[in-house]
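Below is one structure, written out as structure tokens, with a few remarks after it.
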Amino acid sequence: MLIMKLKQIFIFILLLAAGGAQAQQVLTLEQAIDLGLKNNYDIRMARNDAEVAANDNAYANFAFAPRINGTAAKTWTRTATKQEFGNGSKRDTSGIKNQQWQAAVNLNWTLFDGLKMFATRQRIQAIEILGELSVRNQVENTVANIINSYYNIAQQKQQLRALAEQMSISDERVKLSDAKFQTGLAPKTDWLQAKVDYNAQRANWLRQQTVIEQSKASLNQLLAIADESVNYDVHDTIPLNLQMSYGQILENIQQTNPQLQISRQNLEISRITLKERKGDFFPVLSFNSAYNFNQSRASAAINQFSPIFNQNRGMNYGFSATVPIFNGLNSHRAYKAAKLDIEYQQIALDNQASLVNLQLRNAFRDYEYYKMALELEQESVDLARENTMVALERFRQGVSTTLEVKEAQQSLELAAYRLIQARYNTKVAETELMRLKGSILK
């Protein structure tokens, strides 16, 4: 009888879990991660920032090239001049028109600036590397969020199955209580209480379906799925890696943790910036050259000595040196600010290392705790389920009360909830350890 009843409950759970899941395509975790890597807004913004830095670096070598500028201008003038001389003669040159062309090509080539241009190129290259590290860090964080969100849906589905099991037991309680009431073997209050418990569990089951839809909406946001009509299901199992060790995670974490890599790169950029600021104290030696062309043409001569057409062209070249003498101590201020920024970035690196170590220790403690809790809670669920079936059978035979069945039910409900939570929390801790290690994509 007990085995038969267990089979009936199992079939009932499958039917409830399958309800509403028909015609839904199953989305695997790998597919979800692939969609997130392509569409996630945070990743796309990080990639855009990295592309800006890469674009700057693509032109970094032109910092050593000369600067060449060309200018050209054409002007039209109209003059009206009237003159009277001491001998009584007069001259009127009104209406004279003049056209003037001017063109020039100027070259300025910085030959030495205290090696500042070399430091500038290094800084731009370092910023590009920082952009790549930032993209990797954002990818690691986003993938971790996708994994946690995906398996959150899985755990909510497991909770739905647990509630279906409780509904099945309560439904059996309702039938047994009604049969006993009809035969006068039990009061009507047993049937009423069983019906109330069943309705409460039914309400919880309906609420759990809403929670699953809300969890899917959260995953959709990570995957940048804006179409609310997209309907899919997820696998309701949560695979676990129970073989992770603290030493394995700690090995080379200083080199693999994305946040530490970013902090070290910021420190390197600050050191390069200091080299740039040192260049402000050195003279700047430049090579300068220019080609000039000037042409003017007048409609008439103002006097016999003024030309109607005039043209000049020529080239000049030479060297110039700019020696910094005093600029309000701005160079000293910028140099000191660069040194302070190095100290700040070093403190930030040390602080980040401390935070990573703290996060690693806490995540591994959670991982170890939930691993042990899994065994205990699995045993508790098995015992509580057997106890519930025994209590239900005793109630059927009239040797126990409905209160005993209800207490057994509650124990099974709590044990199942703790087991599902322990399984999910173990996965969260596992994912966090992989994120801190920087190996979540491997």
Residues (farther than 30 Å from Thr120 by Cα, open to solvent by 60 Å² or more (accessible area, probe 1.4 Å) and in contact (Cβ under 8 Å) with a residue 24 or more places away in the chain) located in the range 92-107: Lys97, Gln99, Trp101, Gln102
Sole exception among (1) open to solvent by less than 70 Å² (accessible area, probe 1.4 Å); (2) modelled with pLDDT of 50 or more for Lys5, by number: (2)
Failed criterion for Val323 (all others in (1) open to solvent by 70 Å² or more (accessible area, probe 1.4 Å); (2) more than 30 Å from Phe287 (Cβ to Cβ) hold): (2)
Failed criterion for Phe181 (all others in (1) in contact (Cβ under 8 Å) with a residue 60 or more places away in the chain; (2) in contact with a helix residue (DSSP H, G or I) (Cβ under 6 Å, 6 or more places away or on another chain) hold): (1)
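With respect to Gln345, is the statement that it is out of contact with any strand residue (DSSP E or B) (no Cβ under 8 Å at 6 or more places or on another chain), of a type in the set (S, T, N, Q) and either open to solvent by less than 40 Å² (accessible area, probe 1.4 Å) or modelled with pLDDT under 90 (or both) true? Working first, answer last.
Values: out of contact with any strand residue (DSSP E or B) (no Cβ under 8 Å at 6 or more places or on another chain): yes; of a type in the set (S, T, N, Q): yes; either open to solvent by less than 40 Å² (accessible area, probe 1.4 Å) or modelled with pLDDT under 90 (or both): yes.
Here the answer is yes, as Gln345 does meet what is asked.
Filter the range 110-158 for residues that are aromatic (Phe, Trp, Tyr) and modelled with pLDDT of 95 or more and give the result.
So in the range 110-158, the residues aromatic (Phe, Trp, Tyr) come out as 112, 118, 150-151.
Hits for the range 110-158 are Tyr150, Tyr151.
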So Leu441, is it crowded, with 18+ Cβ neighbours inside 10 Å, farther than 25 Å from Ser177 by Cβ and not basic (Lys, Arg): no
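Going by the structure shown, is Ile225 in a loop (DSSP other than H, G, I, E, B), touching a residue at least 24 places away in the same chain (Cβ under 8 Å) and not aromatic (Phe, Trp, Tyr)? Explain how you work it out, then say what you get.
Working: in a loop (DSSP other than H, G, I, E, B): yes; touching a residue at least 24 places away in the same chain (Cβ under 8 Å): yes; not aromatic (Phe, Trp, Tyr): yes.
Criteria met by Ile225.
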Residue within the range 134-143 that is in contact with a helix residue (DSSP H, G or I) (Cβ under 9 Å, 6 or more places away or on another chain), among the hydrophobic types (A, V, I, L, M, F, W, C), over 30 Å from Lys216 (Cβ atoms) and crowded, with 17+ Cβ neighbours inside 10 Å present: no
Counted residues, the range 46-78 - those being surrounded by 13 or more Cβ atoms within 10 Å (Cβ to Cβ) and outside any helix (DSSP H, G or I): 1
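Of everything in the range 108-133, what is farther than 29 Å from Ser270 by Cβ and open to solvent by 70 Å² or more (accessible area, probe 1.4 Å)? Give them in sequence order.
We begin by selecting, within the range 108-133, every residue farther than 29 Å from Ser270 by Cβ; these are 108-109.
Hit for the range 108-133 is Trp109, nothing else.
Which of the following residues is in contact with a helix residue (DSSP H, G or I) (Cβ under 8 Å, 6 or more places away or on another chain) and aliphatic (A, V, I, L, M): Val105, Val26, Val52?
Details: Val105 fails: in contact with a helix residue (DSSP H, G or I) (Cβ under 8 Å, 6 or more places away or on another chain); Val26 fails: in contact with a helix residue (DSSP H, G or I) (Cβ under 8 Å, 6 or more places away or on another chain).
Checking each option against the conditions leaves just Val52.
Take the conditions within 30 Å of Asp233 (Cβ to Cβ), modelled with pLDDT under 90 and surrounded by 15 or more Cβ atoms within 10 Å (Cβ to Cβ) and apply them to Ala23. Does it pass?
Values: within 30 Å of Asp233 (Cβ to Cβ): yes; modelled with pLDDT under 90: yes; surrounded by 15 or more Cβ atoms within 10 Å (Cβ to Cβ): no.
No.
Hey, can you tell me all the residues within the range 150-201 that are outside any helix (DSSP H, G or I) and surrounded by fewer than 16 Cβ atoms within 10 Å (Cβ to Cβ)?
Taking the range 150-201 first, the residues outside any helix (DSSP H, G or I) are 183-187.
Matches in the range 150-201: Thr183, Gly184, Leu185, Pro187.
Which residues, taken from the range 403-422, are crowded, with 22+ Cβ neighbours inside 10 Å and not hydrophobic (A, V, I, L, M, F, W, C)? Don't jump to the end; show me each part of the working.
First, the residues of the range 403-422 that are crowded, with 22+ Cβ neighbours inside 10 Å: 405, 408-409, 412, 415-416, 419.
Correct list: Gln409 only.
The values are calculated or read from the model by the stated rules, or taken from the named source; none is laboratory data. Since we're looking at a predicted model, the values are computed, not measured. A quick note on method: Cβ atoms are made from the backbone with ideal geometry, for glycine too, and the neighbour counts reach across all protein chains shown. Keep in mind that these areas ignore ligands, DNA and RNA; they rest on the heavy atoms of the full protein, side chains included. Shrake-Rupley method; radii C 1.70, N 1.55, O 1.52, S 1.80 Å.
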